[in-house]
Amino acid sequence: MKMTHAHPLSEDRLFPPEPSVRGIARRLYAEVRSLPIVSPHGHTDPAWFAENKPFADPSSLLVIPDHYIYRMLYSQGVPLESLGVPRVDGAPVEQDARKIWRLLARNWHLFRGTPSRMWLTHALSEVFGVDERLTPESADRMYDRIADCLHRPEFFPRALFEQFNIEVLATTESPLDGLLHHRALRQSGWRGRVITAFRPDPVVDPEYEGFAANVAKLGELTGEDTQTWPGYLQALASRRRFFASLGATSTDHGHASAATFDLPRLECEALFRAALRADASPAQAERFRGQMLTEMARMSVDDGLVMQIHPGSCRNHNPTIFARFGRDKGADIPTPTEYVRALKPLLDRFGNDPRLSLIVFTLDETTYSRELAPLAGHYPALKLGPAWWFFDSPEGMRRYREQVSETAGFYNTVGFNDDTRAFLSIPARHDVARRVDCAFLARWVAEHRLEEDEAAELAVDLAYSLARRAYKLEPTP
Amino acid sequence: MKMTHAHPLSEDRLFPPEPSVRGIARRLYAEVRSLPIVSPHGHTDPAWFAENKPFADPSSLLVIPDHYIYRMLYSQGVPLESLGVPRVDGAPVEQDARKIWRLLARNWHLFRGTPSRMWLTHALSEVFGVDERLTPESADRMYDRIADCLHRPEFFPRALFEQFNIEVLATTESPLDGLLHHRALRQSGWRGRVITAFRPDPVVDPEYEGFAANVAKLGELTGEDTQTWPGYLQALASRRRFFASLGATSTDHGHASAATFDLPRLECEALFRAALRADASPAQAERFRGQMLTEMARMSVDDGLVMQIHPGSCRNHNPTIFARFGRDKGADIPTPTEYVRALKPLLDRFGNDPRLSLIVFTLDETTYSRELAPLAGHYPALKLGPAWWFFDSPEGMRRYREQVSETAGFYNTVGFNDDTRAFLSIPARHDVARRVDCAFLARWVAEHRLEEDEAAELAVDLAYSLARRAYKLEPTP
Amino acid sequence: MKMTHAHPLSEDRLFPPEPSVRGIARRLYAEVRSLPIVSPHGHTDPAWFAENKPFADPSSLLVIPDHYIYRMLYSQGVPLESLGVPRVDGAPVEQDARKIWRLLARNWHLFRGTPSRMWLTHALSEVFGVDERLTPESADRMYDRIADCLHRPEFFPRALFEQFNIEVLATTESPLDGLLHHRALRQSGWRGRVITAFRPDPVVDPEYEGFAANVAKLGELTGEDTQTWPGYLQALASRRRFFASLGATSTDHGHASAATFDLPRLECEALFRAALRADASPAQAERFRGQMLTEMARMSVDDGLVMQIHPGSCRNHNPTIFARFGRDKGADIPTPTEYVRALKPLLDRFGNDPRLSLIVFTLDETTYSRELAPLAGHYPALKLGPAWWFFDSPEGMRRYREQVSETAGFYNTVGFNDDTRAFLSIPARHDVARRVDCAFLARWVAEHRLEEDEAAELAVDLAYSLARRAYKLEPTP
């Protein structure tokens, strides 16, 4: 077989091969390819934009912080130390960024067909103009090119933000965060819109490290008596207002399950006391977290913050990795997740309330057609977040549309979230989502299930308008 | 992009776009498009055919009774009152049918890509000759056209039944129903075949509203002493015979789970007493329902009625909607459903008995390949019902065939059920099923997994013959 | 419609119909079609190769031992007795092989679209040169042709093994097996590589028939005191070494769940004593089996045997069939299977150890994307077995690749297993897998997600190299 090294970024990538369907997909994509990026949920570092310092080197930008990348290398026997991932105990890890880059290059075949490869290839080509394949032979050449770019002003964070045509980017912070970078951004005069989101896990999950201390700190920050249940709730409401004042339009909740509860006040107080004493049983902790989701929904009805639930991950599954490297190191594994009974207490109370907007995500694809689409296709307050995390991928997005759309329609979904720490992957991820959605719509047009003008309108909605609307990001007039 | 408003009902709708595969699909569909409709399970109102009165207006025919339609509108904030859905308390709701129709028109984009849109478009075009798109601008024109038709004799229920080429249509009634309309139909001289089916939920589910009173009424209707376990069973057997005398060939069971039990007589009697006293615990109610499935199977072995199980729906999930509008208002949500252990007691006893025909449905698609196809591919008594409810859709049917056929084959499935209250959607639903099955078969022919003559035979079986055979609807010679 | 009886084995079977994608698939397949067969896991009978006697007749070769075939016939009412399946009680069953063959022919339509039909058609054509369709009319002609072949030396087991181009074939034996055939094979001078694999279910599962007696026999075979926990473990280690000395490179474990435990020694000893006394509760039996998986992993770290887990089958679901015909008669039904928590005790201890290679299979496809791909994409010790049993089929393999590859990549999978008792289906099964993988890769190439030279390398890896590597079957230098 002759070797074909095509340009890595075909104009037709992710489009269906059949010529007539591809033609429709191209026309739909032409409508959306240049739309601004709305990124309503993610984990980039606001310091990048507040400080606008250059990124250090290719590996610390593209490898060391990306658990999608190093989990795959680790699964094939590459030690995390050799990839420069910092150890909790401060033990030495690889410091030579070029060596790390070469290690990636030697193992690049492991990523064939993965989203990581697609995103990195896109970033290399579109941001750095590097169009050759990453191989041991090309590794140094590519490294030098990227390293050279990173020190030029047009590759500083704010310049990239503008080049990426980002209309708005949300980060995610704990209620205990002082939001110094967000405050600095507001005062900087820079016009890029970077906002925060309220992620209260450290102060609402009794099993979170340092829960009681966190709640005490919450009291200090807000001047409320967080040793009492009413004071605690007031402190949370107050902190939400503070986040909103720095642009937040949403909250985010990452529990192990989707359980919600609507308990009598006496039980809430008892659970809260047990949690503060750090002797809540696992079942009590679960009830407390579930109660707090309902409390958060109640506060959302008051203050208008959109509520996101990201459940179903068994965090830190590998105790060896957790002890050595800490959280978020690619060892979080999805588990079966139930929604119909879990969400009922919250929905019983607020599911019909138009002031609540509850966006639900899942890592259990079996719930798309069985639970989530029927729920979203009925409750006014509930909408479906996009294909998430492991499913932020072409096949994952396709399954999502195929399994959700017939029951929930398109307008009970909220557009795309990139949900990433990897800044340079943002344009790539949005581009993949736009292409996959256009490919999906093109098939339905070709099968005469939609007309093309409707598909074009939908393509714009899915790429741009729905996210703005669902997350209340339309510019206030 | 130029606007293209093609005819809404392309001749090639739902066929694969690739020309050679589409060609096969067209040829297969030509074999089945004109076959009579066999509708062995559904929820149309026998009064329509017994009385043959004209339908009142477009909205009360096409919107107000269709929970697929109004659940979607409700999910986007449209109150059910404004759609004319009657309230339990008799409070006023919208009475102006034209206003309701306009409200649908304004929100028609919500249905893009849904089966509801496909079915309604089909009915508008094929029944009323309306080929334009529903928009706020066209709404009144379409309304007038339909309203005008409805008062002409060729649009009366019996005329439509004949025009739809329905060979047989089954409705579903409670054992407490006197079957007056079915009796009137038998005596009317009209040749349309409309039969009943036996749905005993109100008298076999201890948690059904008014269970004890229902059982008492069953005693009155049959002259059996339904306060004793043997009398109760005899009353059920008697009522089954009555239903069969009015054409019923099947029973239907809609429990929350697929649990079956085969309990000792003493426990059956104790559960029955607890149920009559209305103090069965949830676990006891579950055991009683499961026992009754096994009793029904035993009766089917005797009287030959085909047995259907439709499990897995969490009914009336939204208490606000239930209190205000009652049952069947689009707030039933599927739940995870287990079959392998649940059906074992019944199958242990009757699974190898060729006199039993047990047709199993699911709202949990994960069970297709994992549980149901392996069960149907082994037990002589068990067959699989078609893709049901939320999955009565092109993607749903495709997943069903892809996940079932390799293990269960085609001949352990039972053809198509429309399972609808929406009379005008029946031809549309059968047409969608025929097209999707032909598209599926065409792909397998194109991939050389079937030969075309076999696929043509299968297409006829799936569209027509299997349903007649599985539900014992072949005309007696 | 005109009847088309094409040659049953199109050169393009299982390839995508779109011409450009089909072209890519053809080119990829050309790279792999002639590669040797590596069959690292299966259930063929080593006596065939040790004794090299001719197969008796078409039905006892192709029908009577194949539960895929007779389960389908049974599901449609064909008694197993009439297919010659032997009864436990020795009662008479059909002995006329030709009659059995005719019964298959009369029901051949039931297999439309099933893998069984594909495999049998392949074997008939490629092995016996029979290219017509099996029908009542052709049945006798085909029977005679095959019967005639079977007595010619080129159809004896060893000759077929060589003709099939099998590089290595693993069978599966109990620790209580003396491996006489494997020893005979070693001494025979024949160059075919047939090896054993260690399947200890009879001596590690307290619920296995005759567990205590089996453990006693294990003691006799090894000279260890298997009435004590340490002696029992030493006996197992000793027996593993014996298997390895006859070529085994792997162990295999077929528990009902994937549960593993890592219990204190005192509890292990207590469970072992209860198991020997045959009074372990179901929960204790489950804990013991789970502990034994961890013990087996520990031994694998020592002796290098690759460890396979095949969980999730509810064995012998039909008690009538079990009583009459015994185990493995097509009445095993998959059940929901959980891996994330179940495997944690084993992975906590050995998941990061590069000396362990743990290959996990599933009958619950929902775990591909939710649990197994994320686990395999993280843990160095864990790899995913191919689509198994009911999913060893074109649609099953396609779903596997679509749901696994984006998260686990290709290199955390282990290539293809045929896992069959049906010797003549082995080339057919490998050919199907190669075609389906090439079709899958071709789509990704056509969608510009892989370049064609990479896909060609992957095709060879998936068809050949990965299985050799994962099962340590590369020839020792």
Original post:
Before we move on, is A:Arg158 within 20 Å of A:Ser238 (Cα to Cα) and crowded, with 17+ Cβ neighbours inside 10 Å?
Top reply: no
Subject >> B:Asp205 vs. criteria touching a His at 6+ places or on another chain (Cβ under 8 Å) and either among the small types (Gly, Ala, Ser) or closer than 26 Å to B:Phe49 by Cβ (or both) >> reply: no
**OP:** Could you grab me the full set of residues in the stretch A:390-401 that are within 9 Å of chain C (Cβ to nearest Cβ) and touching a residue at least 60 places away in the same chain (Cβ under 8 Å)?
**Re:** A:Ser393, A:Pro394
Original post:
Identify, please: which residue in the stretch A:229-266 is over 20 Å from A:Gln308 (Cβ atoms) and without any contact (Cβ under 8 Å) to a residue 12 or more places away in the chain and is, among those, farthest from the chain's Cα centre (by Cα)?
Top reply: A:Leu266
Original post:
In the stretch A:411-432, what count of residues is obtained for those that are within 24 Å of A:Gly254 (Cα to Cα), away from chain B (no Cβ under 14 Å) and of a type in the set (Val, Ile, Thr)?
Top reply: 2
Subject >> Conditions (1) farther than 21 Å from C:Thr362 by Cβ; (2) facing another protein chain (nearest Cβ under 7 Å); number of the one not met by B:Glu371 >> reply: (1)
Original post:
Of the residues in the stretch B:299-350, how many are more than 10 Å from every other protein chain (Cβ to nearest Cβ), assigned to a loop (DSSP other than H, G, I, E, B) and in contact with a strand residue (DSSP E or B) (Cβ under 7 Å, 6 or more places away or on another chain)?
Top reply: 2
Subject >> Matching residues in the stretch B:10-36 - criterion: being within 14 Å of chain A (Cβ to nearest Cβ) and either modelled with pLDDT under 95 or part of a loop (DSSP other than H, G, I, E, B) (or both) >> reply: B:Ser10, B:Glu11, B:Asp12, B:Arg13, B:Leu14, B:Phe15, B:Pro16, B:Pro17, B:Glu18
Original post:
In the stretch C:351-365, what count of residues is obtained for those that are of a type in the set (A, V, I, L, M, F, W, C) and within 14 Å of chain B (Cβ to nearest Cβ)?
Top reply: 2
Original post:
From B:Ile64, B:Ile69, which residue is free of Cβ contacts under 8 Å to residues at least 60 places away in the same chain and either assigned by TED's automatic domain parsing to the domain that holds B:Gly326 or in a loop (DSSP other than H, G, I, E, B) (or both)?
Top reply: B:Ile64
Original post:
Among the listed residues A:Ala408, A:Ala381, which satisfies the condition of being more than 8 Å from chain B (Cβ to nearest Cβ) and either of a type in the set (Ser, Thr, Tyr) or more than 25 Å from C:Arg449 (Cβ to Cβ) (or both)?
Top reply: A:Ala381
Subject >> Count of residues meeting criterion [surrounded by fewer than 24 Cβ atoms within 10 Å (Cβ to Cβ) and within 27 Å of the chain's Cα centre (by Cα)] in the stretch C:441-455 >> reply: 0
Subject >> Test result for A:Glu94, at pLDDT 95 or above, within 30 Å of A:Arg152 (Cβ to Cβ) and either touching an Asp or Glu at 6+ places or on another chain (Cβ under 8 Å) or surrounded by fewer than 18 Cβ atoms within 10 Å (Cβ to Cβ) (or both) >> reply: yes
Original post:
Which condition breaks for A:Arg435 when tested against (1) within 16 Å of the chain's Cα centre (by Cα); (2) more than 12 Å from chain B (Cβ to nearest Cβ); (3) of a type outside the set (A, V, I, L, M, F, W, C)?
Top reply: (1)
**OP:** Looking for whichever is free of Cβ contacts under 8 Å to residues at least 12 places away in the same chain and either part of a loop (DSSP other than H, G, I, E, B) or of a type in the set (Asp, Glu) (or both) here; the options are C:Glu224, C:Glu295, C:Glu220, C:Glu286. Which one fits?
**Re:** C:Glu220
**OP:** Please enumerate the residues belonging to the stretch C:71-94 that are hydrophobic (A, V, I, L, M, F, W, C) and farther than 25 Å from B:Ala408 by Cβ.
**Re:** C:Val88, C:Ala91, C:Val93
Original post:
When the stretch A:184-202 is examined, which residues are found to be closer than 17 Å to A:Ser250 by Cα, among the aliphatic types (A, V, I, L, M) and not in a loop (DSSP other than H, G, I, E, B)?
Top reply: A:Val194, A:Ile195
Subject >> Residues that are crowded, with 21+ Cβ neighbours inside 10 Å and of a type in the set (A, V, I, L, M), drawn from the stretch B:260-293 >> reply: B:Leu271, B:Ala275, B:Ala280, B:Met292, B:Leu293
Original post:
Only one of (1) under 24 Å from B:Ile321 (Cβ atoms); (2) under 26 Å from the mean Cα position of the chain (by Cα); (3) surrounded by 15 or more Cβ atoms within 10 Å (Cβ to Cβ) is not met by B:Val88, so which one is it?
Top reply: (3)
Original post:
Can you name the number of the only condition in (1) farther than 23 Å from C:Leu372 by Cα; (2) in a helix (DSSP H, G or I); (3) charged (D, E, K, R) that C:Arg421 fails?
Top reply: (2)
Original post:
Considering B:Leu73, B:Leu103, B:Leu80, B:Leu61, which residue is more than 14 Å from chain A (Cβ to nearest Cβ), surrounded by 18 or more Cβ atoms within 10 Å (Cβ to Cβ) and farther than 18 Å from B:Arg429 by Cβ?
Top reply: B:Leu103
Original post:
In the stretch C:307-326, what residues are more than 19 Å from C:Leu73 (Cβ to Cβ) and surrounded by fewer than 16 Cβ atoms within 10 Å (Cβ to Cβ)?
Top reply: C:Arg315, C:Pro319, C:Ala323
Original post:
Here are some residues: A:Ala105, A:Ala147, A:Ala159. Which one is at pLDDT 95 or above, within 26 Å of the chain's Cα centre (by Cα), assigned to a helix (DSSP H, G or I) and small (Gly, Ala, Ser)?
Top reply: A:Ala159
Original post:
Exactly one of (1) closer than 22 Å to B:Asn352 by Cα; (2) touching a Gly at 6+ places or on another chain (Cβ under 7 Å) is unmet by B:Gln291. Its number?
Top reply: (2)
**OP:** Could you check how many residues of the stretch C:32-56 are buried (at least 21 other Cβ atoms within 10 Å of the Cβ) and either more than 30 Å from C:Val360 (Cβ to Cβ) or not aliphatic (A, V, I, L, M) (or both)?
**Re:** 7
**OP:** Among the residues of the stretch A:367-378, write down those that are in contact (Cβ under 8 Å) with a residue 12 or more places away in the chain and over 11 Å from B:Phe390 (Cα atoms).
**Re:** A:Thr367, A:Tyr368, A:Leu372, A:Leu375, A:Ala376
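The values are calculated or read from the model by the stated rules, or taken from the named source; none is laboratory data. As the structure is a computational prediction, the values presented were derived from the model and not from experiment. We place every Cβ from the backbone using ideal geometry, glycine too, and count neighbours over all the protein chains shown.
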